[in-house]
Every structure is written in structure tokens, then in C-alpha cells.
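What follows is a set of notes on a single structure, which appears directly below.
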Amino acid sequence: MKARLLAAALALLLVASGCSAGSSAFVPDDGSTLAVGFAAEPQNFDFTRTDGAAIPQALLYNVYEGLVKLDDQGRVVPLLADSWTVSPDRLVYDFALKPGVLFSNGTEFTAEDVRFSINRVKTDWTISIKSKMDVVDRVEVLDPLHARVVLTKPSNAWLFDMASRVGAMFTPTGIEDLANKPVGTGPYEVTSRRRGDSIVLQANRRYRGPEPTYRTVYLKYYKDPTALNNALLSNGIDVIGTITAPDSIPQFEADSRFNVVQGTTNSEVVLAFNNKKEPLNDVRVRRALTLAIDRKALLATAWAGRGTLIGSMVPPTDPWYEDLSGAYPHDPAQARALLAEAGKPQLNLRLRIPNLPYAISSAQVVQSQLAEVGVTVTIEPLDFPAVWLKQVFTDHDYDLSIIQHVEARDITTFGRPSFYWGYDSKKAQDLLARADRGTPEEQVTAMREVARTLSDDAAADWLFLFPNVVAAKKKVTGIVRNQVSESFDLTTLGRSE
Amino acid sequence: MTARILRRTAIFAVSLLAASIVVFVFTAVLPGDPAQVALGVNATPELLAQTRAEFGIDRPLVTQYLDWMGGVLTGDFGRSYVTRDAIGPQLADRLGVTLWLVGAGMLVAVLIAIPFGVLAAVRHRRASGTVVSAASQLGIAVPAFLAGILLVQVFAVRLQWLPSGGWTPPIQDPGEFLRGLILPALSLGVVQGAVLTRYVRSSVLDVLGEDYLRTARSKGLMPGQALIRHGLRNAAVPVVTVLGLQLTTLLVGAVVVERVFVLPGLGSMLLDAVSARDLLTVQGIVLVLVAGALLVNFLVDVLYTVLDPKLRGAR
């Protein structure tokens, strides 16, 4: 009877583990296979209905392509469009499409797909960034290889956004099961996945270009930063997409098996001030708090000194970047004077942060440095994302918060008074509008002015810009230094023999 | 005997029902709105309302509960808010991984506990016995995750003999499957083995003092032979009981070990689902775990009734 029980239990186990599709902890060590480790896993493959950075990180430019893409300097360059022209009134964009492009299901890519994809953002997408297509009035099919997009008002942001996931091209024959079966024109297609473990990409047989160096790519997911590091150290993976534990970087730098590449991201770690609420609606208080915090010391504590100090909501890869990090040098005496002038020599503030490592370590530095100027800070860690989103982001129930803002060119959020900053500046709003409708040169001038205005108003305290630190085995070449697009771009990768 | 088994079955069913209500209520009162988490930042109020309706979380709690239970009873655990996939098959898949882990951990624990426990008992007056006892004491004090981290450092990072984590299904590649299972099973099993060693030791010590062993030895058996032929079977009864109880502890340990070794089991699924406020998934996983624990208790109960003649007349 015991033997039979045991046999039954074993059979059950085999059945239970058998119903899972392939994919593996084991990555064959041949030249055409690559394994990349990441911290955040896509919940499904449908970025039209599921938010978050993990899906475009895996799929954009690799599986899905748009008319344009961003290079590592943040420039818009052609992808599925060979070229394009913009009308003098900046309302009409004519795209000449690459010929001979096929989707991974065999359908040909034409101007009809451009119309279908752009219209579909407005009708079927449910995530908030769909609003980036609101400016589109209509899409016309001039002929199979020419598409015309007409905007309701001039917008520089629109073409830039076309390089993000909202610009991804779909085919009407490939949208049945977006959550499980992505169909794109990119060099890879998804062949299998195991939730909680990995996604496997294979070279797309119908891809127009040369076959990618790595025919099979395993995207492997590790919630725990130590596990992610150990995977590279023990040959479980070849690349760490972005290192999330800064203390481990020297370990890789010291090891001759690896290359470590450090660049910038779009991810500003911001000490948010509730601009609408007493006492932070007083610019003197906001300036005092900004002066009181030693950002260099904070960066050393929070991210081992690896990030970049910025003084406004602009990363160095944006064309209107200028270094404003010196605008508020660390000066506790002046901070105290400003607070006294505002009639607030003693303050009690609630710092409500997401329970994430970088936020917790930053919050402790902020707390101790503000204590030196007479500001008592109470740190309240909130469960992220659920509780933080509800209480701080939606209900604006906070004085101070710390969170990283990962979206590209999210400086525009300061033009929305309803956003959780509570920042309402006519000047900034006008400048942002002018920047969007002007020529690219006018855009740069106006955006630079927006950044200065934000810094002047101390609309927030930009603590630091997250670095992009990639560690890889020596054989892997072509790693993109700056993470400016939403994609972990596999197409640039090569192999050194 | 039949009456007793029926009674136990009824208790099992009622406990399961009660547990389902508790699980449901506790997940429903978790702070945070699943619709908002699913939609992310900048979700508009209209979209939020639409998504809540789509998830069915705008309905009264009682309706939601009855709907959920109705589904679960027919094997339908609903669709995840986050992955938009059916939860049932995913649960089965993850359960498979966790069961392998718990089974392998149990095996390691038994393989450690029996020889060392017997050794510690037979030699309890000698140095070697004391050493084993002390070592098991030390083993109990080491948490499974720490054991896991140490094992990874030595065997994966330094020596590179075994993978530091990840899962290969046995059907796909049995060799790689076993290689991947060794370290997690060791970190789970060593700690449990240390606990179990102490039970085996005291159980064997009890048996050593029994009359029938003296009888066996007077018939001319060597002490070791006597213990193996007559003693161990009797010593095993209390040990098996403890083993049953330990199973639930192993499940908890497995949750942590899955995290350390990046195994796609129930534990890691639960952690992900909680942080994403994927309530339906959380409810499904917790219900399966609770049902598992209740089932073990129930089976132990029934087995007693069947095995122990003294209980056969009892109610």
C-alpha cells in the first residue's frame, strides 16, 4: 500500500510539472545563445493593456518595432520608416516605409498597418500613455509604402513618443492574443516562457535584415538582487541588464571575466514636495529644504556614488540638458535663515516613501540632514505600488515623498497642476506648450527655460539620476551605455571571439 | 471506525469552508486598489471604474465570495487581474515545483536524520553522540535562507559545480533538473534534518530501554542487528508523526528557499501576487496552501484510525 501511495504521489508530481512549457535554468553554452538577467518580470506580453517598464524592456525593438527608434544618445532615427518629411506648419508627417518587411506571422507590413496601429492606440489601449496619441487627427494611406499622419496641433513630443511603445507596429492578423502571442516585425519572436523564471526569444525567420548574432536569447528574471548577481558569477547568465545592488558593482569590476559599462538613464530620483499644501506651498520653504540636503552625500549612501547629480527634471541625453546641479549648494545656515524668514523655524513633515531600497536609504539621509536645520521628518514606508499609488499619487496625502520617475521627458508632468507634485505655474505651462509646437530649435530653447524655472521655484529636489550599470561577460560586445529608450536593445549586441 | 472517519471528513470540510471565508475577507481588506495597480500611474477615474467593473470588484463582497467559491468548486480559480491568464493551470504548474522542492527537502531531512539520530542514541554516552547532538542543535538555529545563501556562495559562485538558481522541468532535461534541485533541497532539508535528528535520537533511546530488545539480544542477536530488526520499526511511529507535522513547516521554508534560488513555485507566485494586489491569485494560492495543510492533518488522523487498533472503537 505504501509503495502504491508513493507511486501515485510521484505520478501526480510528474503530471503537475509536465504541464509546463519548456524553458530552462540551463542555458547551453554555445556561441549563438545569450542569457540576460533582469530584476522585473513582465506580467504578460500586452503593453497596450498592462503598464510597467518590464514588457517594453523585453519586447520593444526586439519583437515589436516602430517607424522610428531612439539611439543611445536619445536621437530619433529611422526603423520601419526609411525617411520622413514634416510640413512647414509642422502638422503633416509623411513616412516612406521600408519595403519587404514581414511580420513574424508572415503578413506583409504596409501603410495600412501604420493606420491600424496608430488608430488602435486611441480605441483599444487602456494604459495611461495612450494619451500620447491624442494629438493625432488622422492617418492616411497614400500607397502601400507611404503613410501620412496629420496632427491637430504641432507637437515635437509626438515623433519622440513614436519611438516608444505607443509607436509599436501591429498587424490586424496578429492581435488575437497579445498577452501571450506577440506578433511584430523585429529580429526576434517569443517562443516560450515560464512565469517566475524566464522568457525565450528566437531569431525571427522572416526578419528582413541579417540574422542577429545570438539566435536564442533567454531573458531570465530574478526578484532578489543577490540572486541576480550570483547568476552572473556562477555562469547562469551572460549579462545583467541593469545592476540593482550598487554595492556589488566593484565585485564585477575586479573580476577579469566581466566588462562593466556605466551610463545614464531617464530615471530621476526625486524628493517630491507637495507644492499645493502648507508649508510647502511657500517657495522659501522649498528652497530651504533643497539647500539643506547634501545630494552628493546622499548619492554616496543611496547608490554608492554611482548616479549623476542633476538640478532639474532633465537627464544629460535630452537635447536641452544643462547642468543645474549647482543651483542649490549644500548650505544649512542659509536654509535655517530662509525657514526663519518664512516664519517656519521648526517644521514637522511626513516623508511617505515606497518600501523600495533606494527610497529607504535616501529617506534616512534626508531625515538626518533636515534635522540639522530644525525640520523633523517622519519616515512612513508604504507598500509599493499598491499603497503608495493610492495615498501619495492619487490622494496627494503627503508632505514629502521620494520616488524614481522613469519615463522619458517626464518634465512635462510639471505642466499638469493635477499631478501629484501640485505644482501650478503658468510660466512653466506656457513654456512647455511653446516647446511642443515650435521648431526643434525653439523646443530646445523653451525646454531649457522650463528646466530653469523648475529649479528656480524648487518645484522638487532632484536627488540624483539613476545610473545604467550593465555587467557582462567579456565575449558580449555592443552593449548600449545609456538607457534612454524603453527597450533593452538586443539588436546592437555582438560577440568577440 | 467508519463513524470516526466520517466525522473527521466533516470536520475537514467545515474547516476548509471556514478557511476560505477567512482567506477571502483578509485579502479583500488589504489596502490598495487592484484596478489602480493594474493600470499604473495616471489612470483616469473612468478607466478605474471600468477596470473595477471588469474585475468584478465593484460588486458586494458576498456576491464576490459566492462567485469565487462557485468557481473554485468546479476547478475554476478565475483570471488573474495582472496577467489576465486563468489562475488554475498556473497554480498547478507552480504547485508542481513546490512539491518537488518539499519532497526533495523531506528526503534530505530523512537521509540525515535516521543515521545521525540512531548514532546519537546508540552512542549517547560517548563523544561521537554528543558531537551529533551539538551539531543538530546548531543546524536548528540556522534559517533555511541562510543555509541557501551559504550553499550558493560555495557551490555555485566559488566552485561553479551547480547552478545558483533557476528551474528546469524534469521532462525537459532530467540531469539539469536534478542539478538544479540539489542546493535548494539541501538548504531546506539540512535544517529540517537537524530538527528530525533530535526526534529520532530520543525515539531510539526510548526503544533501547524496552524489554523486547533485551529479549532479542538474549536470543543471540548483536546489538545493531537487534535494533535494526526489532527496534527501528517501533521507533519510527512517533518519528512519522513528527514528519507529518514538519510538512507544513517545510512548506513555509519552501517559500523562502524559492526566493533565494529563483524557483517558480507557489511561494514566489504568492509574493508577486501580493505586491501586485492580484487578489484573486492571492486567494487561490492561500486556499491551496491551507487546503494542503488541512489535508495533511486529515490524512494523519485517518491513518491513525486505520493503523492503531486502540482507536478503532473510538469515535
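On the protein heavy atoms, probe 1.4 angstrom, tell me the percent of accessible surface of chain A carried by carbon and sulfur. Walk me through the intermediate numbers first.
On the way: 10010 of 19010 Å².
Its accessible area is 53 percent carbon and sulfur atoms.
Any lysines with Cα under 17 Å of the A:Lys426 Cα? List them, leaving off those in the same chain fewer than 8 positions away.
Those lysines meeting the cut-off are A:Lys276.
Please list A:Phe160, B:Phe155 in order of solvent-accessible area, largest first, computed with a 1.4 Å probe with all protein chains present.
The residues order as B:Phe155, A:Phe160, largest area first.
Roughly how big is the protein assembly as shown's charge dipole about its Cα centre, with Cβ charges of +1 (Lys, Arg) and -1 (Asp, Glu), in debye to the nearest 20?
The calculation lands at about 3680 debye.
With a point put 7 Å past each Cα toward its Cβ, work out how far A:Thr445 is from A:Ser128 in nm, to one decimal.
3.3 nm
Calculate the mean, over all residues of peptide B:257-269, of how many other protein chain Cβ atoms lie within 10 angstrom of the residue's Cβ. Present the calculation step by step, with values, prior to reporting the outcome.
Values: counts 0, 2, 4, 4, 4, 15, 3, 9, 1, 1, 1, 5, 2.
Averaged over the peptide's residues, the number is 4.
Threshold 50 Å², probe 1.4 Å: give the residues of segment A:206-244, in number order, that are less accessible with all protein chains present than with their chain alone.
Residues meeting the cut-off: A:Lys223, A:Asn230, A:Ser234.
Straight-line reach from A:Lys98: which lysines have a Cα under 30 Å away, not including same-chain ones fewer than 8 places off?
Cα-Cα hits under 30 Å: A:Lys69, A:Lys122, A:Lys130, A:Lys132, A:Lys153, A:Lys181.
Considering only C-alpha atoms, what is the centroid distance from segment B:1-40 to segment A:325-353, in Å?
Centre-to-centre (Cα) distance: 51 Å.
Let me check against my output: what whole-number percent is the relative contact order of chain A, with C-alpha pairs under 8 Å and at least 6 apart?
Working: 1034 pairs, mean separation 100.1, N = 497.
Relative contact order, chain A: 20 percent.
Counting Lys and Arg as +1 and Asp and Glu as -1, each charge on the Cβ, what is the dipole of segment A:427-497 about the Cα centre in debye, to the nearest 20?
On the way: 10 positive and 11 negative charges, 115 e Å.
Using only the charged Cβ atoms, the result is roughly 540 debye.
Computing the accessible area with a 1.4 Å probe over protein heavy atoms, can you report the carbon and sulfur percentage for chain B?
Details: 10810 of 15580 Å².
With neighbouring chains kept in place, the figure for chain B is 69 percent.
Which value at 222 nm does the protein assembly as shown reach when only helices count, each DSSP H run of 4 or more adding -39,500 (n - 2.57), with the total divided by all residues and rounded to the nearest 500 deg cm²/dmol? Intermediate values should be presented prior to the final figure.
Working: 25 runs with 363 residues, N = 812.
Rounded to the nearest 500, the figure is -14500 deg cm²/dmol.
What accessible area per residue, rounded to a whole number of Å², is obtained for chain A using a probe radius of 1.4 Å?
Values: 19010 Å² over 497 residues.
Ligands and nucleic acids excluded, the figure is 38 Å² per residue.
Please work out how much accessible surface B:Val207 shows to a 1.4 Å probe, ignoring ligands, DNA and RNA, in Å² rounded to 10.
Approximately 10 Å² for this residue.
Which of A:Asn275, A:Gln251, A:Gly305 sits farthest toward the positive end of the charge dipole of segment A:241-379, with +1 on the Cβ of Lys and Arg and -1 on the Cβ of Asp and Glu?
It is A:Asn275.
How much solvent-accessible surface does A:Thr453 expose, in Å² to the nearest 10, with a 1.4 Å probe and all protein chains in place?
10 Å²
Please name whichever of A:Ala163, A:Ala54, A:Val261 sits farthest to the positive end of the charge dipole of chain A, dipole taken about the Cα centre and charges placed at Cβ: Lys and Arg +1, Asp and Glu -1.
Farthest towards the positive pole: A:Ala54.
For A:Ile118, what accessible area in Å² do you get when you roll a 1.4 Å probe over the heavy atoms of the protein chains, rounding to the nearest 10?
So the heavy atoms of A:Ile118 present about 0 Å² to solvent.
With a 1.4 Å probe and all protein chains left in place, how much accessible area per residue does segment B:183-238 have, in Å²?
Numbers: 3050 Å² over 56 residues.
Accessible area per residue: 54 Å².
Hey, if you put +1 on the Cβ of every Lys and Arg and -1 on every Asp and Glu Cβ in the protein assembly as shown, which of B:Gly209, B:Gln160, B:Leu178 ends up farthest toward the positive end of that dipole?
B:Gly209
Please work out the C-alpha center-to-center distance from segment A:92-131 to segment B:153-168 and express it in whole Å.
44 Å
Which parts of segment B:83-99, residue by residue, lose 20 Å² or more of accessible area when the rest of the protein chains are there, as against the chain isolated (1.4 Å probe)?
B:Thr83, B:Arg84, B:Asp85, B:Gln90, B:Ala92, B:Asp93, B:Arg94, B:Gly96, B:Leu99
Between segment B:266-310 and segment B:191-232, what is the separation of their alpha carbon centroids in Å?
Each part's Cα centre sits 34 Å from the other's.
I need to check one value: relative contact order of segment A:66-223, counting alpha carbon pairs closer than 8 Å and at least 6 residues apart, in percent.
Numbers: 290 pairs, mean separation 36.0, N = 158.
Across segment A:66-223, relative contact order equals 23 percent.
Suppose every Lys and Arg Cβ carries +1 and every Asp and Glu Cβ carries -1, with no other charges. What dipole size does segment B:45-124 come out with about its Cα centre, to the nearest 20 debye?
420 debye
Taking K and R as +1 and D and E as -1, what net charge do the other residues with C-beta under 10 Å from the C-beta of A:Val476 add up to? Walk me through the numbers before you get to the answer.
Numbers: positive: A:Lys473, A:Lys474, A:Lys475, A:Arg495; negative: A:Asp238.
Local charge sum for A:Val476: +3.
What total accessible surface area, summed over both chains, is buried at the interface between chains B and A, computed with a 1.4 Å probe and given in Å² to the nearest 100? If you can, show how the numbers build up before the last one.
On the way: alone 17640 and 21050 Å², together 34590 Å².
Buried area (both sides, nearest 100 Å²): 4100 Å².
For A:Lys220, B:Lys219, A:Lys475, write out the residues from largest to smallest accessible area, computed with a 1.4 angstrom probe and no ligands counted. Each step should come with its number before you reach the end.
Numbers: A:Lys220 5, B:Lys219 150, A:Lys475 50 Å².
Output order, biggest surface exposure first: B:Lys219, A:Lys475, A:Lys220.
Please compute, for peptide A:192-200, the average count of beta-carbon atoms on other protein chains lying within 10 Å of each residue's beta-carbon. Mind showing how you got there, number by number?
Details: counts 0, 0, 7, 9, 16, 9, 4, 0, 0.
Rounded to a whole number, the mean comes out at 5.
The values are calculated or read from the model by the stated rules, or taken from the named source; none is laboratory data. This is a predicted model, so every value here is computed, not measured. As a convention, Cβ positions derive from the backbone with ideal geometry for all residues, glycine included, and neighbour counts pool all protein chains shown. Heads up: the accessible areas ignore ligands, DNA and RNA and are worked out on the full protein's heavy atoms, side chains in. Shrake-Rupley method; radii C 1.70, N 1.55, O 1.52, S 1.80 Å.
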